[in-house]
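The values are calculated or read from the model by the stated rules, or taken from the named source; none is laboratory data. None of these values were measured; they are calculated from a predicted model. Quick reminder, even Gly has a Cβ in these numbers, built from the backbone with ideal geometry, and neighbours come from all protein chains shown. Remember, those area values only see protein heavy atoms, side chains included, never the ligands or the DNA or RNA. Shrake-Rupley method; radii C 1.70, N 1.55, O 1.52, S 1.80 Å.
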Amino acid sequence: MARERFILTDTKYNRVVILGAGFIGISFAAVFADHGWPVTLIDPDPQQRDKATDGIAQQREAMALAGLDKGLAGSVEVVDALDHALKQATLVIECGPENLDMKQEIFAQLLSSTASETLLVTASSAIRMSQIVTDPAQQTRCLVAHPVNPPAVLRLIELCPAPGTSPDAVDRTAALFAGAGFEPAILAREIEGFLLNRLQGAVLREAYRLVDDGIAEPDDIDRVMRLGLGPRWALSGPFETVELNTPGGIAAHAARMGPAYQRMGEQRGETVDWSAPLVARVAAARDAARGSQTVAERAAWRSTAVAKLVGLRDHLMRSDG
């Protein structure tokens, strides 16, 4: 969903608190401070705290290189324990280890130490919020905010609510992240792996199977992704890619290639059902996303964009690879 959808309403709190000064935590700190927020970064480990300032500076350099820096007058303070900052927090982002017991303990403390309006999110890669806060009545302002690594330059944030998360909390969280330059992708309900790891996992599972079956070596599979699928997906994503590749768009692709994909899926023990209503839903979504632009116009844009992207990629591979 585009950032323009989300507008942050007034709030009497004005601070982002980040728990954990690892790579994800310092990346979030750099981004929110660059968008003008006062940030408190909390970590009990003195070594992590000592490295935080340099780490944040490196992320700011990466943002500048990507043309994403705003240069607004935010700030980052690095402290060793939960303190008064929690009382001032609009948003608390937990970026600790992927450990359920630890997250449960942290969120129990956060729920009792923050204002009822404060949004509480975890950057968990796989643990669902309903596992962390098990009582639906306490989930109202809690949700997952899963970034893409590295978050300072890959500005997508997956927002996954728990069953008890209020729609208002989801909207306010989306607005906060959108205001810091992230594109929110909002899940309708909880699912293990969220969107990123579901999609990444599907590709990775098949890649391992192809190696195990003796079909190809890892380098060849990486080459197919790097030279073939990757550049297209970087610009279009899977649905738009097949729409632009196939005369007749989504419906024509499903009719032409659906049986082959069904056979390939069933060979792997999957159930594949691209029903007519499902295909129509995807086609309608693509029409809405494309707006007044025709498929032919979008395909022409992609051809030019892919050429530019490939030229830049090959330059980077020659100079840095």
Restricting to strands (runs of 3 or more DSSP E) lying wholly in region 99-175: which have 2 or more residues that are under 24 Å from A234 (Cα atoms)?
142-147, 156-161
Taking region 91-120 and keeping only residues that are open to solvent by less than 10 Å² (accessible area, probe 1.4 Å) and either touching a Phe, Trp or Tyr at 6+ places or on another chain (Cβ under 9 Å) or of a type in the set (K, R) (or both), one is left with L91, I93, E94, K103, T118, L120
Among the residues of region 247-290, how many are assigned to a loop (DSSP other than H, G, I, E, B), at pLDDT 95 or above and open to solvent by less than 60 Å² (accessible area, probe 1.4 Å)?
1
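Might you check whether a residue that is open to solvent by less than 30 Å² (accessible area, probe 1.4 Å) and touching a His at 6+ places or on another chain (Cβ under 9 Å) occurs anywhere in region 60-71?
No, that holds for no residue.
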Output the residue which, of all residues in region 162-195 that are over 21 Å from V31 (Cβ atoms), modelled with pLDDT of 95 or more and not hydrophobic (A, V, I, L, M, F, W, C), is surrounded by the most Cβ atoms within 10 Å (Cβ to Cβ).
T165
Please go through region 140-155 and pick out each residue that is in contact (Cβ under 8 Å) with a residue 40 or more places away in the chain and open to solvent by 20 Å² or more (accessible area, probe 1.4 Å).
V148, N149, P150, V153, R155
Restricting to region 199-244, and then to whatever is surrounded by 13 or more Cβ atoms within 10 Å (Cβ to Cβ) and not in a helix (DSSP H, G or I), can you tell me which residue is modelled with the lowest pLDDT?
S236
